[in-house]
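**Q** To start, I am sharing the structure in question, which I have written as structure tokens.
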Amino acid sequence: MTPRITLAVARRVLHQLRGDPRTVALMLLLPCVVILLLWWVFSEVPGGMLDRFGPAIIAFMPFTVMFIVTSVTMLRERTAGTLERMLAMPTGRGDILVGYALALVAICLVQATLVIALAVWVLGMEVGGPIWALLVVALADSFLGTALGLAVSAFARTEFQAVQFMPALVFPQLLLCGLFLPRDQMPRAAEVISDFLPLTYAVEAMQGVQAGVDGAVADGTWTHLLVVVAIAVVVLALGTLTLSRRTD
């Protein structure tokens with residue numbers, strides 16, 4: 001892997017996304033719309049629903065949006081033959097995957113900044129830890145979604161198939177990550193399964209930032225964040241093994 005080539009791939013992806021304003025709008029605005037809907041729907045319900053669900057939504061949305069966009073975009077590169085042409089040049093598999101990851105995480109930096117600013121400074125979500133920690137966790141979540149999307153794209157043959165991986169890989173994690181019910185109140189088997197799901201640690205890291213005191217995060221927050229990053233790195237490394245030099 002060569003840094004110059006990796007950055008060239010990242011610039012190419014960003015240039016390509018700039019020509020697709022609908023995708024950019026989806027990536028940047030969808031999480032903000034979801035947070036707004038959450039606040040609006042529960043605005044007359046006592047109990048601070050935004051404080052309860054907001055951190056988990058901020059963790060979940062970058063993960064999900066990046067998973068969908070990355071898997072579909074990479075599959076499009078495969079079917080169009082662009083990926084095959086890139087691999088025929090002095091471009092390594094690692095250059096391609098890391099370049100894609102860098103470009104999409106850069107987009108998520110803007111996405112996360114917008115949704116966190118909306119939730120905290122406009123809608124009033126309470127956060128005990130530092131605001132910058134929310135941004136760091138959101139970026140890690142987007143990196144995880146990007147890595148999973150890149151890996152999944154190797155097993156799909158059409159864009160429809162790529163989208164079908166979402167209910168298989170994302171929805172079970174959504175149900176078991178502790179968003180709707182604390183994990184210690186789940187059946188024991190469900191709690192054990194959730195221990196092996198990366199979104200569980202993403203949500204707990206975000207909740208740890210919210211539960212912080214005096215500008216410091218809660219105990220275990222950085223450990224959960226490291227687990228998310230480690231899983232993403234492993235998945236990205238495995239994705240290089242599935243990146244074929246020929247398009248079927």
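**Q** If you scan the stretch 199-233, which residues turn out to be of a type in the set (D, E, K, R) and farther than 14 Å from residue 56 by Cβ?
**A** Scanning the stretch 199-233 gives 214, 219.
**Q** Go through 125, 66 for me and flag whichever is part of a loop (DSSP other than H, G, I, E, B) and in contact with a Gly (Cβ under 8 Å, 6 or more places away or on another chain).
**A** Working: 66 fails: part of a loop (DSSP other than H, G, I, E, B).
Being part of a loop (DSSP other than H, G, I, E, B) and in contact with a Gly (Cβ under 8 Å, 6 or more places away or on another chain) holds for just one of 125, 66, which is 125.
**Q** Applying the selection to the stretch 158-189, what residues are assigned to a helix (DSSP H, G or I), aliphatic (A, V, I, L, M) and without any contact (Cβ under 8 Å) to a residue 12 or more places away in the chain?
**A** 168, 175, 189
**Q** Any residue at all in the stretch 103-118 that's surrounded by fewer than 24 Cβ atoms within 10 Å (Cβ to Cβ), hydrophobic (A, V, I, L, M, F, W, C), free of Cβ contacts under 8 Å to residues at least 24 places away in the same chain and under 29 Å from residue 43 (Cβ atoms)?
**A** Yes, the stretch 103-118 contains at least one residue that is surrounded by fewer than 24 Cβ atoms within 10 Å (Cβ to Cβ), hydrophobic (A, V, I, L, M, F, W, C), free of Cβ contacts under 8 Å to residues at least 24 places away in the same chain and under 29 Å from residue 43 (Cβ atoms).
**Q** Here's something else I'd like to know. Looking only at the stretch 195-239, filter to residues that are buried (at least 21 other Cβ atoms within 10 Å of the Cβ) and among the small types (Gly, Ala, Ser); which one of those is farthest from residue 124 (Cα to Cα)?
**A** Per the stated criteria, the residue is 239.
**Q** Same structure again: Test each condition in (1) under 20 Å from the mean Cα position of the chain (by Cα); (2) among the small types (Gly, Ala, Ser); (3) not in a helix (DSSP H, G or I) for residue 10 and report the one that comes out false.
**A** Unmet for residue 10, out of (1) under 20 Å from the mean Cα position of the chain (by Cα); (2) among the small types (Gly, Ala, Ser); (3) not in a helix (DSSP H, G or I): (3).
**Q** Taking the condition farther than 21 Å from residue 112 by Cβ and either at pLDDT 85 or above or surrounded by 20 or more Cβ atoms within 10 Å (Cβ to Cβ) (or both), does residue 168 pass?
**A** Numbers: farther than 21 Å from residue 112 by Cβ: yes; either at pLDDT 85 or above or surrounded by 20 or more Cβ atoms within 10 Å (Cβ to Cβ) (or both): no.
The answer is no for residue 168.
The values are calculated or read from the model by the stated rules, or taken from the named source; none is laboratory data. Every value quoted in this text rests on a predicted model; they were computed, and no experiment measured them. For neighbour counting, all protein chains shown are included, and Cβ atoms are generated from backbone atoms with ideal geometry for every residue, glycine included.
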